[in-house]
């Protein structure tokens, strides 16, 4: 179950609120749809609920806010837009990577692939998927951890009719198993066809919260489209027949010879035309969208005025706003449902379609009485409905008109006997205003049973009244996603899922081999630099640059293709994920360094003999320095990309160590005070390390010599600074 209270977006400069005090509920076992045109606030509502956007409000998922759930992906499956995965990653590889993040077995990827029908495309790349296949993959990602709740933004967008039916069937099956489904759509027909409950938004405000059947009757009014060269005569006959049968029928004459008949059926209209020998060119049932502000009359339609013999000879029309299904007309068996109540004639026994007529024109009950007890009209069909202002119940002082039937599900009640004072627009207009009313609560008459504090009116000047009003909903803070439950496995699958690491490694080996051959041919290069393929003119050897690039990609790809942050905002800054990335980056750098040195030595032996391929005498210290350099460059790339959120920034930080930091450290070491401090380590080694057994002093001395070198000191300083910056950004994100 999802319970959303007071969702309100942050104000924007010179623009209305994208979402203003929206509250609704999505029940377990039901499919709930947020309906609204583009810009109505549907996506904003989802982002506020999922804590992806700052604002105000409170959302509970089975009684807990999302940031209080230990593993959100196991509770809420999210699909917002396209699948944010690397385009070169395979479908199965992407799902297996997310399995490690969610802490579920890898075989779950194959199970959801079979559920969404993507088994045959398991080896396809994400960048080659069509729109429909991408939506299927997004749904597979949402179902991966078997969540109880699904939150989907336009899941059927861009799908064919067949794919849409499949998608809605899958969502219906999830709800049938006790899950909660909340999706958005701009299409009212799709909402009525697929949802159990429809929540309608318009310009950031909640305008209706209805059961799907009631929504279809009120907004999607079924009508019979008729085309006949004798349209005027047929309209008059239909009106006469409806008056005789005491049925509520609305006849609207549109362009030329076309009629739209509400409250009747093709059989009844065809029978009338046959009896009177009227030629009919078209007779079909249609469903039209009346829009969120429907006032009882179809848009762009002119009513067919019919003579009824009313008082004063004033012509009236058959435009009684009673939008009932054709099958409900005169069927006493539906009288148990107040939304399907039949229309009857006679004193004291007239009942219009309660919910619809009260929502559209409350005093338009055919042949009955208005809500205030006065007679509405003397004729059963063809009476012009009274103005809404004629009903004192609709326009009491300080309030506005009723929106929907007070007894109907989801109706918003305002009035002297209603609990609540917030004005509600009807058809885009508000009623008269009065003096400020005392603080109260708004009670939803639907079975949801949610009681919310009323928002303070902007026209209430009283300070005492403002002090008595309840506080605004709590602010919504954007929180980062939790770290992967299996970070090392996730990082390994992320790194090996695309060919970037392998291509980079091959490129480094080729460049190193070519550089080694050229340096050997030129000569005047030390043996250590020759094996490392590190000419004096370059700031770093190819292996170190490659390790730094792969390290920068480990975080850079997370920001470019935020697979982890698809449902919770920014890339998580957790120490577990950082540790995994540093570990995998170190293993990659060590592998690259060993392969580079080995390939260079083998190539020198093949081309120039054993003389250039011999191992130096101080190979232990040189090997340690070489491995430390590559690992340090890889770590610098990881930390810099994590701090600056860019692969380019990570690689730039790696190059900046020998170009900018080394000269600064070299100048600092040349000063007398630093030389004295540096000699302290040597003297300390002479005092303490000479007594270590098994030659331990040699290893410590080698480590100290590496640190005291300009490159080693600069790299250590750079890593320390980047690590501190990363930890500070992590703490800042947690504090927010």
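Residue 617 passes every criterion in (1) more than 20 Å from residue 543 (Cα to Cα); (2) in contact (Cβ under 8 Å) with a residue 60 or more places away in the chain apart from (2). Just one of the listed residues (595, 582) is in the same structural domain as residue 624 (by TED's automatic domain parsing), touching a residue at least 60 places away in the same chain (Cβ under 8 Å) and part of a helix (DSSP H, G or I), and it is 595. In the condition set (1) farther than 26 Å from residue 492 by Cβ; (2) at pLDDT 90 or above; (3) surrounded by fewer than 23 Cβ atoms within 10 Å (Cβ to Cβ); (4) touching a strand residue (DSSP E or B) at 6+ places or on another chain (Cβ under 9 Å), residue 182 is compliant with all but (3). Just so you know, in the stretch 199-214 the residues that are part of a helix (DSSP H, G or I) and surrounded by fewer than 22 Cβ atoms within 10 Å (Cβ to Cβ) include one that is nearest to the chain's Cα centre (by Cα), and it is 212.
The set of residues from the stretch 222-241 being touching a strand residue (DSSP E or B) at 6+ places or on another chain (Cβ under 6 Å) and surrounded by 19 or more Cβ atoms within 10 Å (Cβ to Cβ) comprises 222, 223, 224, 226, 231, 235, 238, 239. Which members of the stretch 79-98 meet the condition of being within 16 Å of residue 571 (Cβ to Cβ) and part of a strand (DSSP E or B)? The answer is 80, and nothing else.
Let's see how each residue does on (1) touching a helix residue (DSSP H, G or I) at 6+ places or on another chain (Cβ under 8 Å); (2) touching a residue at least 40 places away in the same chain (Cβ under 8 Å); (3) not in a loop (DSSP other than H, G, I, E, B):
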residue: 101; (1), (2), (3): yes, yes, yes
residue: 123; (1), (2), (3): yes, no, no
residue: 138; (1), (2), (3): no, yes, yes
residue: 141; (1), (2), (3): yes, yes, yes
residue: 151; (1), (2), (3): yes, yes, yes
residue: 166; (1), (2), (3): no, yes, yes
residue: 173; (1), (2), (3): no, no, yes
residue: 183; (1), (2), (3): yes, yes, yes
residue: 191; (1), (2), (3): yes, yes, yes
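All but one of (1) without any contact (Cβ under 8 Å) to a residue 40 or more places away in the chain; (2) not in a helix (DSSP H, G or I) hold for residue 564, so report the exception by its number. Condition (1) is where residue 564 drops out. Scanning the stretch 513-547 for residues that are surrounded by fewer than 24 Cβ atoms within 10 Å (Cβ to Cβ) and in a loop (DSSP other than H, G, I, E, B) returns 523, 524, 525, 526, 535, 536, 537, 538, 539, 540. If the condition is being in a helix (DSSP H, G or I), surrounded by fewer than 22 Cβ atoms within 10 Å (Cβ to Cβ) and in contact (Cβ under 8 Å) with a residue 24 or more places away in the chain, then the stretch 600-614 contributes 601, 603, 607, 608, 612.
What is the residue count in the stretch 650-666 for residues that are in contact with a helix residue (DSSP H, G or I) (Cβ under 6 Å, 6 or more places away or on another chain) and under 24 Å from residue 571 (Cβ atoms)? The qualifying residues number 4.
In the stretch 622-629, the condition of being surrounded by 13 or more Cβ atoms within 10 Å (Cβ to Cβ), at pLDDT 55 or above and over 27 Å from residue 554 (Cβ atoms) is met by at least one residue. In contact (Cβ under 8 Å) with a residue 40 or more places away in the chain, at negative phi and in contact with a helix residue (DSSP H, G or I) (Cβ under 7 Å, 6 or more places away or on another chain): does that describe residue 557? It is false that residue 557 is in contact (Cβ under 8 Å) with a residue 40 or more places away in the chain, at negative phi and in contact with a helix residue (DSSP H, G or I) (Cβ under 7 Å, 6 or more places away or on another chain). Picking from 221, 217, 247, which residue would you name as being in contact (Cβ under 8 Å) with a residue 12 or more places away in the chain and in a helix (DSSP H, G or I)? On inspection, the qualifying residue turns out to be 217.
If you go through the stretch 67-77 and keep only what is in contact with a strand residue (DSSP E or B) (Cβ under 9 Å, 6 or more places away or on another chain) and surrounded by 22 or more Cβ atoms within 10 Å (Cβ to Cβ), you end up with 72, 76, 77. State all residues of the stretch 125-136 that are surrounded by 15 or more Cβ atoms within 10 Å (Cβ to Cβ) and either assigned by TED's automatic domain parsing to the domain that holds residue 498 or not in a helix (DSSP H, G or I) (or both); if no residue qualifies, say none. Correct list: 125, 129. Would you point out the residue of the stretch 155-164, among those that are without any contact (Cβ under 8 Å) to a residue 60 or more places away in the chain and assigned to a loop (DSSP other than H, G, I, E, B), that is surrounded by the fewest Cβ atoms within 10 Å (Cβ to Cβ)? Per the stated criteria, the residue is 160.
The values are calculated or read from the model by the stated rules, or taken from the named source; none is laboratory data. For clarity, every value in this text was computed on a predicted model and none was experimentally measured. Note that we place each Cβ from the backbone using ideal geometry, even for glycine, and neighbour counts take in every protein chain shown.
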